[in-house]
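Data block below; observations after.
Rule-based calculations on the coordinates, nothing more; no lab input. Note that this is a predicted model, so its numbers are computed, not measured. Cβ atoms come from the backbone with ideal geometry, glycine included; neighbour counts cover every protein chain shown.
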Amino acid sequence: VTAGVGIDSRQEITAAEFAWIKEFLREHTGIELKPGKEPMVMGRLDRRLRHHGLTRYTEYIRRLSEGNDPQEIRLAIDLLTTNETYFFREPAHFQVLRDLLAAMPSRGTQVRVWSAASSSGEEAWTIAMTLADTLAGQRPWEVIGTDISSRVLETAQRGLYPIDAADKIPRPLLQTYCLRGRDEYEGLLTIDPVLRERVRFRHANLLELPNDLGLFDVIFLRNVMIYFGQETKRGLVQRVVGMLRPGGYLIVSHSETLNGISAGLKMVTPSVYRADGADE
Ligand SMILES: C[S@@+](CC[C@H](N)C(=O)[O-])C[C@H]1O[C@@H](n2cnc3c(N)ncnc32)[C@H](O)[C@@H]1O
């Protein structure tokens, strides 16, 4: 029998080890792991233990805590975040976006929209299709997508998705803004260069937002606050409100609520909030 690191030799995560990972994730990302998530943590970190030839979580934790391996910290965060997303998720929001744009006074400035937890980019590209279609060359626009996970940002930037993703995209937009991959891209859908030149992705942690993102007309902050505690949510909403242009809009998921933390915002419809504006 070889003395390799086999599946059988790896241990279950202990309560203390789980508690450490939970605090590590909360501190770096704001994500609060619920009790009972031990199997999820093991399932996601297992490959890193295997990669390093480790059998115990304690050994892996030592690696993360020594502070001299920022790359490993990034990888662990990449694995521990939940990145589920798809094109036209909660489609009503994109009709709302059309309506807001139609009602928005043209300040002669570029319309700026932020996908603040963009994951692999489907939300940002959906926004881009909606803006391109609505503004139809009449006003300049740009979309910024940010996320804490570098891995999903690479996918977002590439703009290549399995062809099945097309099922979620309304036909006319699919035909205008997406291309069917050929040869080495067979089976994939790619985003038209017309959109690519107006969409940028960059790394940003919602807990420590860079101060050079600028101000936005609309911010999508969807399906990320569900992982945060109330205080983290409150701080985040405050910072995000500060990044809205006067009268700008914040859109959260229908499953999220800003009850008690919507300072400086008025609810327009459930999940859509407006910042105080100069022209009210
Ligand atoms: C479930 S996805 C939501 C994607 C998209 N907004 C949607 O609604 O479909 C949540 C994303 O939030 C990101 N995330 C979690 N904590 C974050 C943080 N502190 N800063 C930035 N992004 C974070 C995760 O990496 C993940 O890609």
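Classify the chain as rounded, prolate or oblate from the Cα gyration tensor: take a ≥ b ≥ c as the square roots of its eigenvalues, call it rounded if a/c is under 1.5, otherwise prolate when a/b beats b/c and oblate if not. Taking the square roots of the gyration eigenvalues as a ≥ b ≥ c, the chain is oblate.
Excluding same-chain neighbours fewer than eight residues apart, the lysines reachable from Lys266 by a Cα-Cα span under 19 Å are Lys233.
For the chain, give the magnitude of the charge dipole about the Cα centre (Cβ charges: +1 Lys/Arg, -1 Asp/Glu; no others), in debye to the nearest 20. Before the final figure, lay out each step's value.
Numbers: 35 positive and 37 negative charges, 47 e Å.
Approximately 220 debye in magnitude.
Give the relative contact order (percent, whole number) for the chain; include only Cα pairs under 8 Å separated by 6+ residues. Worked out over the chain, it gives 16 percent. Only beta bridges with both residues in the chain are counted; by DSSP, about 45 percent of them are antiparallel. Reducing segment 51-115 and segment 131-160 to their Cα centroids gives an inter-centroid distance of 13 Å. Helix 38-52 and the long axis of the chain differ in direction by around 70°, with both axes built from C-alpha atoms.
Summary of the geometry: segment 212-247 and segment 23-43, compared by the centres of their Cα atoms, lie 22 Å apart. Altogether, the Stokes-Einstein calculation at 4 °C and 1.567 mPa s, with the Kirkwood radius of segment 206-280 over Cα pairs as Rh, returns a diffusion coefficient of 104 µm²/s. When you restrict to C-alpha pairs under 8 Å that are six or more residues apart and normalise by the size of segment 1-100, the relative contact order lands at 29 percent. Relative contact order of segment 127-280, please, whole-number percent, based on alpha carbon pairs below 8 angstrom and at least 6 residues apart. That works out to 19 percent.
Normalised by residue number, the volume inside the convex hull of the Cα atoms of segment 23-70 is 87 Å³ per residue.
Any idea what the dipole of segment 190-280 comes to, in debye rounded to 20, about its Cα centre with Lys/Arg Cβ at +1 and Asp/Glu Cβ at -1? Show your work: numbers first, answer last.
Details: 11 positive and 10 negative charges, 33 e Å.
Roughly 160 debye for segment 190-280.
Each label was represented as a point 7 Å from its Cα along the Cα-to-Cβ direction; for Leu215 and Ala92 these points are 3.0 nm apart.
Between amide H atoms placed 1.01 Å from N, distances below 5 Å from Val111 occur with Trp141, Glu142, all of them 5 or more places distant or on a separate chain. With a cut-off of 19 Å on the backbone N, the residues of segment 220-243 near the modelled label site 7 Å out from Asn205 along Cα-Cβ are 224-240.
Check the straight Cα-Cα distances from Lys34 and name the aspartates and glutamates below 15 Å, setting aside those fewer than 8 residues away within the same chain. Cross-link targets: Glu17, Glu23.
By other beta-carbon atoms within 10 Å, ranking Lys22, Lys34 with the fewest at the front produces Lys34, Lys22.
Given N residues in segment 1-127, what is Rg(Cα) / (2.2 N^0.38 Å)?
Details: Rg = 20.7 Å, N = 127, 2.2 N^0.38 = 13.9 Å.
Its radius of gyration relative to the 2.2 N^0.38 Å reference: 1.50.
Amide H contacts for Gly248 (H built 1.01 Å from N in the peptide plane; partners 5 or more residues away or on another chain; cut-off under 5 Å): Ala275.
Here the Karplus relation 6.51 cos²θ - 1.76 cosθ + 1.60, evaluated at θ = phi - 60°, turns the backbone of segment 215-221 into coupling constants of 9, 10, 7, 9, 10, 9, 10 Hz, with x for every Gly and Pro.
Each of the peptides 117-130, 70-83 was scored by the mean count of other Cβ atoms within 10 Å over its residues; in descending order, highest first, they stand as 117-130, 70-83.
Per-residue 3J(HN,Hα) values for segment 77-93, derived from phi via the Karplus relation 6.51 cos²θ - 1.76 cosθ + 1.60 with θ = phi - 60°, read 5, 3, 6, 8, 7, 9, 10, 4, 6, 7, 5, 6, 5, 6, x, 4, 5 Hz in sequence order (x marks Gly and Pro).
Between helix 230-241 and the chain there is an angle of about 40 degrees, using the helix long axis and the longest principal axis of the Cα atoms.
For Arg222, the amide hydrogen comes within under 5 Å of the amide hydrogens of Ala116, Ala117, counting only partners 5 or more places away or on other chains and with H modelled in the peptide plane.
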